[in-house]
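Colleague: So that we are looking at the same thing, I have put the structure below in structure tokens.
The values are calculated or read from the model by the stated rules, or taken from the named source; none is laboratory data. All of these numbers come straight from a predicted model, not from anything done at the bench. Don't worry about glycine lacking a Cβ; one is built from the backbone with ideal geometry, like all the others, and counts go over all protein chains shown. In case anyone asks, the SASA skips ligands and DNA or RNA and just uses the protein heavy atoms, side chains included. Shrake-Rupley method; radii C 1.70, N 1.55, O 1.52, S 1.80 Å.
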2 protein chains.
Amino acid sequence: MTRAELAASSGLARSTVASRVDLLLRLGLIAPYGGRSSTGGRPPSLLAVNNGARVVAAIDLGARHARAAIVDLSGAVLAQDREDLDIADGPVPVLRWVTATIDRLMLQTGRPRADLAGIGIGLPGPVEHSTGRAINPPIMPGWDRFDVPQFVRRSFDVPVLIDNDVNIMALGEQDTQFPDEDDLILIKAATGIGAGIIAGGELQRGGQGTAGDIGHIRVSRGSDVLCRCGNVGCLEALAAGPAIARVLGRPGVTEATHVVDLVRSGDLAAIQAVRQAGRDIGDVLAMIVNFINPSVVVIGGALAEAGEHLLAGIREEVYRRSLPLATEHLRIVPSVSGEQSGVLGAAAMAIAHVLSPEAIEQASAELLAAAD
Amino acid sequence: MTRAELAASSGLARSTVASRVDLLLRLGLIAPYGGRSSTGGRPPSLLAVNNGARVVAAIDLGARHARAAIVDLSGAVLAQDREDLDIADGPVPVLRWVTATIDRLMLQTGRPRADLAGIGIGLPGPVEHSTGRAINPPIMPGWDRFDVPQFVRRSFDVPVLIDNDVNIMALGEQDTQFPDEDDLILIKAATGIGAGIIAGGELQRGGQGTAGDIGHIRVSRGSDVLCRCGNVGCLEALAAGPAIARVLGRPGVTEATHVVDLVRSGDLAAIQAVRQAGRDIGDVLAMIVNFINPSVVVIGGALAEAGEHLLAGIREEVYRRSLPLATEHLRIVPSVSGEQSGVLGAAAMAIAHVLSPEAIEQASAELLAAAD
């Protein structure tokens with residue numbers, strides 16, 4: 001579009017359009033289109049969004065691994081890395097790896113540091129999104145209320161957005177697979193079980209940011225298995241990776257990936273246990289489907305690698321217990337992005353922030369301050 | 001504000017501001033402020049929103065009663081009525097009452113018909129909000145897929161918005177009692193049990209419009225009471241008014257209002273049955289609190305008139321089964337608007353539509369067509 005077309009279509013004054021275009025050009029978010037950048041004289045007339053001009057860093061921290069990527073504003077991955085890393089090492093060593101890895105990946109892309117416009121990070125525990133702190137995270141010793149954005153901004157002076165791993169997975173699945181669906185639930189089944197909720201097109205975090213914390217909902221078959229939370233019969237105590245491993249009682253089988261290996265080798269007891277875990281997840285999911293009426297439910301996390309055996313158990317219970325109208329057009333599907341969905345969602349979260357009016361206003365104020 | 005101030009604060013071109021102000025003046029949505037309307041010459045400089053200039057009609061249809069009100073754009077009730085009316089009489093007689101009552105209440109207010117800008121109607125069953133039709137409503141014979149807006153628009157050529165009774169109650173509670181809360185759940189407990197969901201500040205209807213349909217979620221104490229839906233142990237089969245009445249087994253006690261009368265008379269069996277119904281509602285609400293993490297839960301509907309006995313049972317289970325972080329700042333409160341919340345929510349729904357950019361654009365097109 002030209003400046004004149006922007007003024008006509010928006011109703012904004014020509015002077016407003018001119019100053020905003022100038023700002024977006026200086027921030028590199030738009031660029032002249034179909035010609036070279038002018039170095040004086042009249043500005044070029046056609047303008048376009050400049051997806052390639054800026055990049056964001058996306059980080060997905062799990063319990064025992066970390067993924068990082070540099071992604072441009074269209075969502076294209078320019079460089080990425082995966083590493084085994086224990087979140088229980090505490091925030092300082094883990095976040096040092098994060099900043100060093102961003103530096104290294106930026107070098108790989110050949111982009112200057114100034115091109116980095118934002119950083120999105122997912123953490124494997126409850127997060128206060130507004131401050132970027134983990135709150136009483138059960139598997140993250142040393143992280144409680146640690147100021148993650150402040151630490152990262154010592155190395156990179158850009159906006160740093162934090163959310164929990166399940167929320168960024170939900171964002172990643174919506175952004176890459178279901179951009180037209182406004183009502184999507186992502187279930188992550190691994191060491192714990194959690195849900196990411198997109199309702200009315202927006203990620204829902206709830207009043208205190210604990211929305212999606214479904215691991216301690218009681219399964220209705222009335223088990224008396226004791227959960228670490230103190231209650232009995234919680235979903236996580238019956239259907240998460242360690243719970244299935246405990247039921248199997250095999251040496252060396254302690255978590256979701258071990259269970260998945262057994263299922264893939266055709267072990268009948270493991271297949272049956274995973275199917276029962278699917279039914280227990282389906283029991284809770286049936287209530288969720290009745291309550292929030294999603295169009296799509298995506299099943300992700302390490303346990304989802306068990307494939308059809310888990311999905312069959314989930315579908316069995318959901319179709320048995322949910323109302324016909326709520327399930328008529330419901331799709332229950334495995335995650336396609338798989339282990340990538342977290343890092344893609346962290347990128348989507350950072351990109352949405354970089355392109356938000358608030359962030360552009362902030363960047364504009366910083367430009368002015370730097371010019372003084 | 002003056003036109004010049006509007007241009008400065010919005011960045012819009014002066015010509016854009018002038019034409020939009022002219023349109024809003026012609027629609028009566030804004031008016032000159034602090035002086036008489038000019039009848040020629042220079043337009044008055046100060047403008048204000050004109051809450052009193054237009055009104056909406058709000059209708060709350062229950063199973064056996066109907067409420068109607070005329071409300072101005074600030075939400076102030078100008079005239080209202082309540083009548084016993086059986087929804088099972090079918091759409092034509094019920095909607096004839098609706099249109100006749102709107103006419104009569106408009107006369108009472110002394111306002112011309114042209115001041116009516118929209119109509120909001122709540123129905124006691126599942127509604128397809130986009131088309132305004134009831135879909136397979138269990139207690140509304142003859143209403144299935146009946147085009148409610150088309151029928152009403154034969155009498156009043158204004159936008160007609162339809163939603164179910166629980167959704168409009170949630171809107172009414174938020175609009176009048178909790179305007180600053182973005183995450184609110186309204187539980188209606190009466191002949192059925194349903195929830196209205198406000199998450200992220202928006203009413204959530206779900207992918208198929210069935211969100212909040214919690215009556216057939218299984219209660220975890222594992223009852224084998226058969227529900228009309230064919231499953232066993234559904235919330236509605238245990239805790240709705242008719243279910244409590246059945247347990248009490250008294251002659252003439254068949255629904256929520258009879259149970260409430262017994263509780264008010266101090267009947268111990270009725271008090272205990274209502275408290276158990278509260279626990280069953282609390283069992284399902286605990287899952288909802290874990291899942292969506294509301295800041296406020298409002299308990300409404302005829303059964304809520306039983307007061308503290310119902311609330312105590314609900315709170316008991318929610319605080320026992322929900323995660324501490326999710327309940328730390330949670331308020332569980334009785335409806336203050338009570339039987340008025342439905343009609344106030346229907347008004348809020350109609351007002352929000354009348355002031356929406358789409359409705360203003362539509363009204364503008366009709367003005368132009370009328371001028372031709």
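Colleague: Which numbered condition trips up A:Arg246, out of (1) without any contact (Cβ under 8 Å) to a residue 40 or more places away in the chain; (2) open to solvent by 30 Å² or more (accessible area, probe 1.4 Å); (3) within 14 Å of chain B (Cβ to nearest Cβ)?
Modeller: (3)
Colleague: On to the next question. Quick check, is B:Val333 outside any helix (DSSP H, G or I), under 19 Å from the mean Cα position of the chain (by Cα), surrounded by 20 or more Cβ atoms within 10 Å (Cβ to Cβ) and at pLDDT 90 or above? Spell out how you get there, then give the answer.
Modeller: On the way: outside any helix (DSSP H, G or I): yes; under 19 Å from the mean Cα position of the chain (by Cα): yes; surrounded by 20 or more Cβ atoms within 10 Å (Cβ to Cβ): no; at pLDDT 90 or above: yes.
Against the criterion (outside any helix (DSSP H, G or I), under 19 Å from the mean Cα position of the chain (by Cα), surrounded by 20 or more Cβ atoms within 10 Å (Cβ to Cβ) and at pLDDT 90 or above), B:Val333 does not qualify.
Colleague: Moving on. Please indicate, with yes or no, whether at least one residue in the range B:97-117 is under 25 Å from B:Gln340 (Cβ atoms) and touching a Pro at 6+ places or on another chain (Cβ under 6 Å).
Modeller: Within the range B:97-117 (the criterion being under 25 Å from B:Gln340 (Cβ atoms) and touching a Pro at 6+ places or on another chain (Cβ under 6 Å)), the answer is no, since none of the residues qualifies.
Colleague: Residues of the range A:213-223 being touching a Lys or Arg at 6+ places or on another chain (Cβ under 9 Å) and facing chain B (nearest Cβ under 7 Å), which ones?
Modeller: Selection gives A:His216, A:Ile217, A:Arg218, A:Ser220, A:Gly222.
Colleague: Right, B:Arg275: outside any loop (DSSP other than H, G, I, E, B), free of Cβ contacts under 8 Å to residues at least 60 places away in the same chain, open to solvent by 10 Å² or more (accessible area, probe 1.4 Å) and closer than 23 Å to A:Val289 by Cα or not?
Modeller: On the way: outside any loop (DSSP other than H, G, I, E, B): yes; free of Cβ contacts under 8 Å to residues at least 60 places away in the same chain: yes; open to solvent by 10 Å² or more (accessible area, probe 1.4 Å): yes; closer than 23 Å to A:Val289 by Cα: no.
Answer is no for this residue.
Colleague: Could you tell me whether B:Cys229 is free of Cβ contacts under 8 Å to residues at least 40 places away in the same chain, under 24 Å from A:Gly212 (Cα atoms) and assigned by TED's automatic domain parsing to the domain that holds B:Gly200? Reasoning before the result, please.
Modeller: Values: free of Cβ contacts under 8 Å to residues at least 40 places away in the same chain: yes; under 24 Å from A:Gly212 (Cα atoms): no; assigned by TED's automatic domain parsing to the domain that holds B:Gly200: yes.
For B:Cys229, the condition - free of Cβ contacts under 8 Å to residues at least 40 places away in the same chain, under 24 Å from A:Gly212 (Cα atoms) and assigned by TED's automatic domain parsing to the domain that holds B:Gly200 - is not met.
Colleague: Right, here's the next one. Wholly within the range A:27-90, which strands (runs of 3 or more DSSP E) include no fewer than the required count, namely at least 2 residues that are exposed (fewer than 14 other Cβ atoms within 10 Å of the Cβ) and at pLDDT 90 or above? Working first, answer last.
Modeller: On the way: elements: A:30-32, A:47-49, A:55-61, A:65-72, A:77-84.
Hits in the range A:27-90: A:77-84.
Colleague: Hey, another quick one. Can you find even one residue in the range B:299-315 that is in contact with a strand residue (DSSP E or B) (Cβ under 7 Å, 6 or more places away or on another chain), within 13 Å of chain A (Cβ to nearest Cβ) and within 20 Å of A:Asn290 (Cβ to Cβ)?
Modeller: No; the residues of the range B:299-315 include none that is in contact with a strand residue (DSSP E or B) (Cβ under 7 Å, 6 or more places away or on another chain), within 13 Å of chain A (Cβ to nearest Cβ) and within 20 Å of A:Asn290 (Cβ to Cβ).
Colleague: Can you find even one residue in the range B:359-368 that is more than 14 Å from chain A (Cβ to nearest Cβ), open to solvent by 10 Å² or more (accessible area, probe 1.4 Å) and at pLDDT 95 or above?
Modeller: Within the range B:359-368, not a single residue is more than 14 Å from chain A (Cβ to nearest Cβ), open to solvent by 10 Å² or more (accessible area, probe 1.4 Å) and at pLDDT 95 or above.
Colleague: Which of (1) crowded, with 24+ Cβ neighbours inside 10 Å; (2) farther than 30 Å from A:Gly196 by Cα is the odd one out, the single condition B:Asp280 does not satisfy?
Modeller: Answer for B:Asp280: the failing condition is (2).
Colleague: In this structure, is A:Gly122 under 16 Å from A:Asp213 (Cβ atoms) and small (Gly, Ala, Ser)?
Modeller: Details: under 16 Å from A:Asp213 (Cβ atoms): yes; small (Gly, Ala, Ser): yes.
The answer is yes for A:Gly122.
Colleague: Only one of these is in contact (Cβ under 8 Å) with a residue 12 or more places away in the chain and within 14 Å of another protein chain (Cβ to nearest Cβ): A:Ala88, A:Ala13, A:Ala18. Name it.
Modeller: Numbers: A:Ala88 fails: within 14 Å of another protein chain (Cβ to nearest Cβ); A:Ala13 fails: in contact (Cβ under 8 Å) with a residue 12 or more places away in the chain.
Selected residue: A:Ala18, the only one of A:Ala88, A:Ala13, A:Ala18 that is in contact (Cβ under 8 Å) with a residue 12 or more places away in the chain and within 14 Å of another protein chain (Cβ to nearest Cβ).
Colleague: Based on this model, can you work out whether B:Gly118 counts as free of Cβ contacts under 8 Å to residues at least 12 places away in the same chain and either of a type outside the set (Asp, Glu) or in the same structural domain as B:Val160 (by TED's automatic domain parsing) (or both)?
Modeller: On the way: free of Cβ contacts under 8 Å to residues at least 12 places away in the same chain: no; either of a type outside the set (Asp, Glu) or in the same structural domain as B:Val160 (by TED's automatic domain parsing) (or both): yes.
Considered against the rule, which asks whether it is free of Cβ contacts under 8 Å to residues at least 12 places away in the same chain and either of a type outside the set (Asp, Glu) or in the same structural domain as B:Val160 (by TED's automatic domain parsing) (or both), B:Gly118 comes out as no.
Colleague: Same structure, new question: If you scan the range B:142-197, which residues turn out to be under 16 Å from B:Ser335 (Cα atoms) and polar (S, T, N, Q)?
Modeller: Within the range B:142-197, B:Asn167, B:Gln174, B:Thr176, B:Gln177 qualify.
Colleague: Tell me, which residue of the range B:224-235 that is open to solvent by 20 Å² or more (accessible area, probe 1.4 Å) and more than 8 Å from chain A (Cβ to nearest Cβ) is nearest to B:His309 (Cα to Cα)?
Modeller: Within the range B:224-235, the match that is nearest to B:His309 (Cα to Cα) is B:Val225.
Colleague: Okay, moving on. Got a number for residues in the range A:310-330 being more than 23 Å from the chain's Cα centre (by Cα) and part of a helix (DSSP H, G or I)? Can you show your working first?
Modeller: Within the range A:310-330, the subset more than 23 Å from the chain's Cα centre (by Cα) is A:312-313, A:315-329.
Right, trim to part of a helix (DSSP H, G or I) and you get A:312-313, A:315-321, A:324-327.
Counting residues in the range A:310-330 that are more than 23 Å from the chain's Cα centre (by Cα) and part of a helix (DSSP H, G or I) gives 13.
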